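S.K.: Sharing a structure below in structure tokens format, with a few things to ask.
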Amino acid sequence: MLVPSAPLLIRARKNGYAVPAFNINNLEIAQAVLETAAEMRSPVILQTSEGAIDYAGMDYLAAIAHTGSRLLKIPVAFHLDHGTNVALVEKAIASGLYTSVMIDGSRLPLAENIKLTRRIVELAHRQKISVEAELGAIPGVEDKLSVTEREAYFTDPEQAEKFVQETKCDALAIAVGTAHGAYKSTGAAILDLARLKKIAALVKIPLVLHGASGVSQKILDTAHQGCERLGDCERLEGATGIPNNQIKAAVKNGIAKINIDTDLRIAFTAGIRAALIKDRHVFDPRKILGPAKELMKKVVKEKIALFGAKEKV
Ligand code: G3H
Ligand code: 13P
Ligand code: ZN
């Protein structure tokens with residue numbers, strides 16, 4: 001059953017666990033997420049980025065989410081991730097396909113972010129659609145910011161309190177040291193837990209951690225099998241993610257939704273590469289994508305356990 005994300009997240013924050021939110025781009029990724037969540041009786045969020053919509057189309061991705069949630073009988077929220085294109089956010093709301101949207105005005109000046117977020121909240125709430133907003137900047141793959149430069153973009157606790165009061169958003173994505181993609185930092189990623197605690201003391205709505213993938217070296221090595229480590233793979237050399245103990249600390253301190261994309265991408269690629277290396281003559285897509293789905297299911301299982309979401313439905 002598709003449900004708005006707000007009640008799932010409120011319950012998670014109140015009870016000290018986080019709802020996993022996975023980015024989906026195709027059937028195999030969505031099935032790996034939904035089947036595992038159903039097996040573990042975990043609430044789950046399927047989310048589509050603007051890039052995923054460009055790739056597969058809103059209608060196809062929504063059809064997968066709607067069908068999967070109906071067949072598996074677990075509460076699933078279908079969420080638009082990082083809505084920076086306002087027209088697309090409005091389209092997602094008007095379509096009736098999404099039960100949750102993120103309006104990402106984090107690159108805008110504070111007043112403009114507040115104004116835009118408040119308008120989207122009014123629009124979405126009329127249709128019982130939940131809204132996640134973002135304050136602070138979560139760096140991405142291309143960011144070459146030093147640690148001190150990054151801190152300048154971390155979420156300010158007092159600003160976060162004002163932002164939530166003025167926008168009435170349902171959940172808030174904050175920047176406390178994570179980054180999107182496989183490169184979180186040059187060394188071990190350290191979350192600013194003191195800042196998270198201050199934010200959590202002032203902001204009572206569920207908090208969201210983006211860029212939270214763990215980047216398993218073992219799965220990464222499988223993904224690199226037989227690869228010459230050029231292009232994107234050369235860039236993956238030395239990639240580090242967020243350690244599990246930091247994720248646990250974040251959940252303990254108010255994080256109620258955790259976004260994972262990179263770890264599924266790596267597992268998907270590792271599964272495909274292993275299948276093609278094992279049998280160089282295989283050309284049945286099911287024999288290539290099947291192992292990828294199985295590897296992604298393992299990752300999903302680990303995340304649900306790590307976030308404490310097992311047996312919460
Ligand atoms: O937060 C970003 C997600 O990892 C989505 O990435 O825009 O390449 O689909 P994407
Ligand atoms: P990762 O790149 O760490 O998986 O983060 C994904 C994300 O935050 C999607 O919004
Ligand atoms: Zn994100």
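Read the figures in this text as sums done on the coordinates, not as results from a lab. Values in this document were obtained by computation on a predicted structure and should not be read as measured data. Every residue, glycine among them, receives a Cβ derived from its backbone with ideal geometry; neighbour counts consider all protein chains shown.
S.K.: Please list, in order along the stretch 174-179, the HN-Hα scalar couplings obtained from phi with the Karplus expression 6.51 cos²θ - 1.76 cosθ + 1.60 (θ = phi - 60°), rounded to whole Hz, x for Gly and Pro.
M.R.: Karplus values, whole Hz, x for Gly and Pro: 10, 9, 10, x, 8, 8.
S.K.: Still on this structure, please answer the following. How much length would be gained if the chain were fully extended between R126 and K197, taking 0.36 nm per residue of separation minus their Cα-Cα distance, in nm to one decimal?
M.R.: Numbers: separation 71, 0.36 × 71 = 25.56 nm, distance 3.22 nm.
Extra length available between R126 and K197 comes to 22.3 nm.
S.K.: Roughly speaking, what is the centre-to-centre gap between the stretch 78-129 and the stretch 6-24 when only Cα atoms are used, to the nearest Å?
M.R.: With the stretch 78-129 and the stretch 6-24 each reduced to a Cα centre, they are spaced 19 Å.
S.K.: Hey, fewest Cβ within 10 Å first, where do S106, S185, S95 land in order?
M.R.: Working: S106 21, S185 17, S95 12.
Taking fewest neighbouring Cβ atoms as first place, the list is S95, S185, S106.
S.K.: Shifting gears a bit: Show the residues, 5+ positions off or on another chain, whose built amide H is closer than 5 Å to the amide H of I174.
M.R.: V208, H210
S.K.: Let me ask you something else. Which ³J(HN,Hα) values, rounded to whole Hz and listed in residue order, are derived for the stretch 93-109 from phi using the Karplus coefficients 6.51, -1.76 and 1.60 in 6.51 cos²θ - 1.76 cosθ + 1.60 with θ = phi - 60°, glycine and proline given as x?
M.R.: Values per residue, Gly and Pro as x: 5, 5, 5, x, 8, 9, 9, 6, 9, 10, 9, 9, x, 5, 8, 8, x Hz.
S.K.: What nm distance separates the two modelled labels at A94 and Q217, each placed 7 Å from Cα along Cα→Cβ?
M.R.: So the label points at A94 and Q217 sit 5.1 nm apart.
S.K.: Under the rule of at least 5 residues apart or a separate chain, name every residue whose amide H is placed under 5 Å from the amide H of C227.
M.R.: Hits under the 5 Å cutoff: none.
S.K.: Structure shown: which of K204/K257; K218/K301; K115/K204; K257/K301; K257/K312 lie over 18 Å apart, alpha-carbon to alpha-carbon?
M.R.: K115/K204
S.K.: Another question, then. How much length is gained if the chain between D54 and R280 is pulled fully straight, taking 0.36 nm per residue apart and subtracting their Cα-Cα distance, in nm to one decimal?
M.R.: On the way: separation 226, 0.36 × 226 = 81.36 nm, distance 3.14 nm.
Using 0.36 nm per residue and subtracting the Cα-Cα distance, I get 78.2 nm.
S.K.: Assuming a ≥ b ≥ c are the square roots of the Cα gyration tensor eigenvalues, decide whether the stretch 1-86 counts as rounded (a/c under 1.5), prolate (otherwise, with a/b larger than b/c) or oblate. Can you show the working numbers first?
M.R.: Working: a/c = 2.05, a/b = 1.30, b/c = 1.58.
Oblate, because a/c is 1.5 or more while a/b does not exceed b/c.
S.K.: Next question, about the same structure. What 222 nm value per residue comes from the helices of the chain, counting each DSSP H run with n ≥ 4 as -39,500 (n - 2.57) and dividing by all residues, nearest 500 deg cm²/dmol?
M.R.: On the way: 14 runs with 160 residues, N = 313.
Calculated mean residue ellipticity at 222 nm is -15500 deg cm²/dmol.
S.K.: Take every Cα-Cα distance within the stretch 226-313, group them into 10 Å bins from 0 onward, and report for each bin the whole-number percent of pairs it holds.
M.R.: 14, 37, 31, 16, 3, 0
S.K.: Enumerate the amide H contacts of V101 below 5 Å, restricted to partners 5 or more residues apart or on another chain; note that Pro and chain-start residues carry no placed amide H.
M.R.: Those qualifying (amide H under 5 Å, at least 5 residues apart or on another chain) are L80, S130, V131, E132.
S.K.: Quote the convex hull volume per residue of the chain, based on C-alpha atoms, as a whole number of Å³. Intermediate results must be reported in sequence, preceding the final value.
M.R.: Values: hull volume 38.0 nm³, N = 313.
Per residue, the Cα convex hull of the chain comes to 121 Å³.
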